[in-house]
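Taking it in order: structure first as structure tokens, then the write-up.
The values are calculated or read from the model by the stated rules, or taken from the named source; none is laboratory data. Given the structure is predicted, the values throughout are model-derived calculations rather than measurements. Cβ: placed from backbone, ideal geometry, glycine included. Neighbour counts: every protein chain shown.
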Amino acid sequence: MTVNKKRIIQGILLCVGIAFNIWGLLTLVQTAGHDAGISVGLTYMDNIPHIIHKYVIVVILMMIGILSLSNWAAQLTGKKRTVLSIAFCAYSTILTIPLFLTFVLCFFRAGGLLDFDMVNMIADDMMDIFGTPGAYYTIFVLGTLMGAVFLAVPIISTYCTVKNIDMLGIILTKLKIKKPAANEEKKEDGGSESPDDKDDKLDE
């Protein structure tokens, strides 16, 4: 990849990451502050009837923003790469913990063991949408798993970035999918001969 092309990709990732994070945070404020009369101008969010749908929009916007910034940081070098990767990972974790805990607490709300306004709104909304215990408990389980994945993936990805671990290579090795050897790549490209080939020619 040429330097100019790499810089263009980095610039796009940075701009997308910043834009979607700002949009996501404003959407979160508009959603969470609606009942308190707080508005940041995204009034179209107020017309969405179910609060869970609003938070799905927040999650999607923040996910795009965080992934873009994480990929941007991963393409940097040296200390900047390490510091920014860890910073974005911490930012992602702080935002994801409430999502994970909310889905966990929904089980307690459905069982009548919890009375907390924010959890009540989300849990009651999902119970109203899905109707039967089997359906909404399934959604609670899936939401909890999603929150756990959203917590784990950035942490693992950041660890690999900081430690320069080729996670893709490890996965391919575990799946027994080998990368082409260097000599094979050179031969396919018409590259130089290996030392063994040269020795064979001398013997002839």
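Do we have any residue at all in the range 77-90 that's on the phi > 0 side of the Ramachandran plot and part of a helix (DSSP H, G or I)? Quick ask: steps written out before the conclusion?
Within the range 77-90, the subset on the phi > 0 side of the Ramachandran plot is 78.
Those still in the list that are part of a helix (DSSP H, G or I) too: 78.
Yes, because at least one residue in the range 77-90 is on the phi > 0 side of the Ramachandran plot and part of a helix (DSSP H, G or I).
Being touching a residue at least 60 places away in the same chain (Cβ under 8 Å) and either closer than 28 Å to Cys160 by Cα or out of contact with any Cys (no Cβ under 9 Å at 6 or more places or on another chain) (or both) is the requirement here; does Phe103 meet it?
No; evaluated as a whole, the condition is false for this residue.
Before we move on, is Met126 surrounded by 15 or more Cβ atoms within 10 Å (Cβ to Cβ), touching a residue at least 12 places away in the same chain (Cβ under 8 Å) and not aromatic (Phe, Trp, Tyr)?
Taking the combined requirement at face value, the residue satisfies it.
Kindly evaluate Lys6 against the criterion of being surrounded by fewer than 16 Cβ atoms within 10 Å (Cβ to Cβ) and part of a helix (DSSP H, G or I).
Answer is yes for this residue.
With respect to the numbered conditions (1) closer than 22 Å to Gly143 by Cβ; (2) loosely packed, with under 12 Cβ neighbours inside 10 Å; (3) hydroxyl-bearing (Ser, Thr, Tyr), which one is the sole condition not fulfilled by Thr77?
Result: Thr77 fails condition (1) only.
Could we say that Asp115 is surrounded by fewer than 11 Cβ atoms within 10 Å (Cβ to Cβ), charged (D, E, K, R) and either at pLDDT below 75 or at positive phi (or both) here?
When the stated conditions are applied, Asp115 does not pass them.
Can you spot a residue in the range 170-193 that is modelled with pLDDT of 65 or more, surrounded by 11 or more Cβ atoms within 10 Å (Cβ to Cβ) and under 23 Å from the mean Cα position of the chain (by Cα)?
yes
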